[in-house]
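See below for the structure under consideration.
Please treat every number below as a calculation from the coordinates, not as lab data. As the structure is a computational prediction, the values presented were derived from the model and not from experiment. Heads up, the Cβs are rebuilt from the backbone with ideal geometry, glycines too, and the neighbour counts pull from every protein chain shown.
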């Protein structure tokens, strides 16, 4: 079960990751360790040929991992990205982008997430991302699910 | 269907990636775009506490992607790694390591693979890797499956 | 000597990387294989506490590498990022961001650039980035400086 | 000034990173936040064509960052790599490899290092690496140089 609700995360996002609401990103699904975020198709994202800009895709992936981290640790301010690696795989066709994030490691101090990004209705991956978040030492959010949390 | 057999790849590996046979890596399964490689548990890999060394895990992941690339393009010499990104997630317990690779992009010039690495019988990911291979311009290997090959 | 002028690159950027002018990024210096890009401090970038958003920093680095690539190969459309890896090192203080890019490999098909990012007047690195660009096969831009171009 | 001597680090390396001495890596220079490691040319590294294997280059870079981290924090066991990203830039010619590492961020919990790798006497970069080390919470090594240590 998620340790935070979509509404709680969206409220925190407005303060902590304003890039996300500014680009219309919507957190659509959330479970313990997973999150789905949608970037609605819109002209402001376009590159010539209808291709969505790289930084927008990076921001979308970052937000999806952020939400997936909070789904594990609850509403914790100041969780910050320390590393993000993106492979751009195919030029996205026009259409909404969907980022599916899942947490692949949750430690006391670091969480690592993986994101697969698609254009809605298409089969090809447009991008693959891994991102690491640093978790503040005295995270006083909701209790942390034992099953996810491991040491390193 | 794979464009190369396990035996063909292992023969090429002996010449091109001698690190793999030198460490006892075994290509155990192969299909179009996927490969499974095993690193048998052995003392020479150990770090104190029974932990397998990082470079061995990187080499294992690299070999798994290599095999998965060849499963798509056939026996092509000189395919070379251009980028590898590894996240070390959990210290591996003693035991055989298994690397599961899948190709997430296959272009004319670049192939990108993703690897999940586990200790056999354990549930936790010990490492996650993405790696990019450069494919030589005039690859004269087996015909390339249309379904995988895409442009960028 | 750069194979493209700042004015030429800024014109292409308006079409190819609209994220850059939309965020006020300015290409300030250009030489063969190097580029400096400025992100003027502005409220729209802010996170609470005055921190500039991660995706903006990624976009800034990407643009700096793009310009440095074009400084080597001339005005070539369709050069695209295939991989970007960013380490966020220190929270940027309020102030203009400066991204210093240099090309560390220039091949026929791939160029790799490295970026160091600072807040103007500060000594600490705020981010370090490596990015790979794919160069189209029949680049018909300006002649390519022999000294940079190498094979892999 | 380095917080550890070459001899101290080599002793710890024998226990913690046995891959390094097993491949003949030698820590040649050390200062506060920097380290130089040599991989002597030897047949066991070879790939056909005289090219050194990728995993050996990754292991060399990892060791160089490890030494540079210890130069800042002193002799601390259990510092572990959490992420490593390598770009392979040029095939190394026969010859000794030299890895030059420098710490680009030193926090309480994470240190990030960058490595440039050359064949001795050659001008081209053969590889570029960034690696992140996790530093144990109660590092009881030598005092930590204030000037390097920063928060994130």
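Give me C:62, C:96, C:31 ranked fewest to most by other Cβ atoms within 10 Å of their Cβ, as a rough exposure proxy. Can you show the working numbers first?
Values: C:62 30, C:96 17, C:31 12.
The fewest-first ordering by Cβ neighbours comes to C:31, C:96, C:62.
With R₀ fixed at 51 Å, the C-beta to C-beta distance from residue C:122 to residue D:78 puts the FRET efficiency at about 0.95.
Given a Förster distance of 45 angstrom, what is the FRET efficiency for residue A:1 paired with residue B:42, based on the Cβ-Cβ distance and rounded to 0.05?
0.60
Working note: Cα atoms of the stretch B:6-134, range along each principal axis, descending, whole Å: 43, 25, 23.
Looking only at other chains, what is the average number of their beta-carbon atoms within 10 angstrom of each beta-carbon in A:85-97?
If you average over the peptide's residues, the count of other-chain Cβ atoms is 5.
The residue B:108 and residue D:11 beta-carbon pair, evaluated with R₀ = 51 Å, returns a calculated FRET efficiency of approximately 0.55.
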